[in-house]
Amino acid sequence: MESCACGAPVSCGTKQGLIRLGIDLSHFDYVVAIAGNPNTGKSTVFNALTGLKQHTGNWPGKTVARMEGMFAHHGKRFKLVDLPGTYSLLSMTVDEEVARDFLLFGQPDTTVIVVDATNLERNLNLVLQVLEITDRAVVCLNLMDEAQRRGITIDDRELARELGVPVVPTVARRREGLDRLVEAIAGVATGAIRTNPRRLPCDPQTQAALDELVPLLENAVPGLPNARWVAMRLLDGDERVIEALENGELAQLVRPRNSATTRIEGVVSA
Ligand SMILES: Nc1nc2c(ncn2[C@@H]2O[C@H](COP(=O)(O)OP(=O)(O)OP(=O)(O)O)[C@@H](O)[C@H]2O)c(=O)[nH]1
Ligand SMILES: [Mg+2]
């Protein structure tokens, strides 16, 4: 049988070029994280794209650990990582720490932030925090059917302009909008879509402190991604981050990436 560049039979493909590869994690070109507040439909998106059956249901806190699956799109293989729900990168429950650590230190090529269109304001808090730490993000504006039912309208184009990253409206439970979501994920991962994330300005005094602290941190923890975020936390006097730096926990978060890492086609994959 004829086969596609990703190794799967061409007949597996859909018109959108999406091939669900389940738990076949043999090799991949890009790592994609799925983040968002609890109960926004992250695992529903994950299942729809990978063909897997992660636990879903209408209450928060179902996903408590990292779950990985695969899909292919136009010959490139994407490892998708479904994360526990989190309200903030500063949050502290064990589940939230799993999500935060992967977003900060797992170096995903694209981060999809799944937001609840019926509760946009609260959800944007995490969106803005994620945009502080990565250029490569896509907002999945999910539960659009619920928003419509409640008479909520959202100008997704204006939101995309304001945030500086693609915003894709979806109804994940009915798989609506997911072809556009995959296009956006692939575009951001490959660099075909350029983003310009909205970032809050930093006052000159804080900036000067960061300029001093970041190189020291990078020296103390070689290979540390998002040293600027860690430095901000240190300046805030965040006890948990200070402790993680002192007891070597932070260095351990970096190490797995360096040691258990394989490279294919010049792209990092863990
Ligand atoms: N109406 C509607 N329901 C949806 C949509 N997407 C997901 N759901 C439902 O929303 C509920 C939560 O979905 P999950 O995928 O479990 O959400 P999650 O973000 O993974 O939740 P946690 O892992 O607990 O944070 C489930 O009952 C889904 O069927 C959608 O677009 N519209
Ligand atoms: Mg989930």
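The values are calculated or read from the model by the stated rules, or taken from the named source; none is laboratory data. All values reported here derive from a predicted model rather than from experimental measurement. Neighbour counts run over all protein chains shown; Cβ positions are idealised from the backbone, glycine included.
Based on this model, can you work out whether PHE46 counts as away from ligand 1 (no atom under 15 Å from the Cβ) and crowded, with 24+ Cβ neighbours inside 10 Å? Outline the logic, then answer.
Details: away from ligand 1 (no atom under 15 Å from the Cβ): no; crowded, with 24+ Cβ neighbours inside 10 Å: yes.
For PHE46, the condition - away from ligand 1 (no atom under 15 Å from the Cβ) and crowded, with 24+ Cβ neighbours inside 10 Å - is not met.
Residue by residue through the range 45-85, note down the ones that are within 8 Å of ligand 2 (Cβ to nearest atom) and among the hydroxyl-bearing types (Ser, Thr, Tyr).
THR56, THR63 - these are the residues of the range 45-85 that are within 8 Å of ligand 2 (Cβ to nearest atom) and among the hydroxyl-bearing types (Ser, Thr, Tyr).
Against the definition (at positive phi and in contact with a helix residue (DSSP H, G or I) (Cβ under 9 Å, 6 or more places away or on another chain)), how does GLY85 come out, yes or no? Even if it seems obvious, please write down each step before you answer.
Values: at positive phi: no; in contact with a helix residue (DSSP H, G or I) (Cβ under 9 Å, 6 or more places away or on another chain): yes.
Here the answer is no, as GLY85 does not meet what is asked.
Please specify each residue of the range 14-34 satisfying the condition of being farther than 30 Å from ALA117 by Cα, of a type outside the set (Ser, Thr, Tyr) and modelled with pLDDT under 85. Spell out the reasoning first.
Of the residues in the range 14-34, the ones farther than 30 Å from ALA117 by Cα are 24-29.
From what's left, of a type outside the set (Ser, Thr, Tyr): 24-25, 27-29.
Of everything in the range 14-34, those that are farther than 30 Å from ALA117 by Cα, of a type outside the set (Ser, Thr, Tyr) and modelled with pLDDT under 85 turn out to be ASP24, LEU25.
Please verify whether the range 129-137 includes one or more residues that are within 14 Å of ligand 1 (Cβ to nearest atom) and within 27 Å of GLN107 (Cα to Cα). Write out each step before concluding.
If we filter the range 129-137 for residues that are within 14 Å of ligand 1 (Cβ to nearest atom), which is where we start, we get none.
No, every residue in the range 129-137 fails to be within 14 Å of ligand 1 (Cβ to nearest atom) and within 27 Å of GLN107 (Cα to Cα).
Taking LYS53 as meeting all but one of (1) more than 9 Å from ligand 1 (Cβ to nearest atom); (2) touching a residue at least 12 places away in the same chain (Cβ under 8 Å), write down the number of the exception.
(2)
For the structure I just gave you, tell me whether ALA33 is over 23 Å from LEU131 (Cα atoms), buried (at least 19 other Cβ atoms within 10 Å of the Cβ) and more than 7 Å from ligand 1 (Cβ to nearest atom).
Values: over 23 Å from LEU131 (Cα atoms): no; buried (at least 19 other Cβ atoms within 10 Å of the Cβ): yes; more than 7 Å from ligand 1 (Cβ to nearest atom): yes.
When the stated conditions are applied, ALA33 does not pass them.
Report yes if some residue within the range 35-51 is modelled with pLDDT of 90 or more, at positive phi, in contact with a Ser or Thr (Cβ under 9 Å, 6 or more places away or on another chain) and not in a loop (DSSP other than H, G, I, E, B); otherwise report no. Before you say what the answer is, go through the steps one by one.
To start, the set of residues in the range 35-51 that are modelled with pLDDT of 90 or more comprises 35-51.
Checking which are at positive phi leaves us with 36, 39, 41, 51.
So of that shortlist, the ones also in contact with a Ser or Thr (Cβ under 9 Å, 6 or more places away or on another chain) come out as 36, 41.
Right, trim to not in a loop (DSSP other than H, G, I, E, B) and you get 36.
Yes, the range 35-51 contains at least one residue that is modelled with pLDDT of 90 or more, at positive phi, in contact with a Ser or Thr (Cβ under 9 Å, 6 or more places away or on another chain) and not in a loop (DSSP other than H, G, I, E, B).
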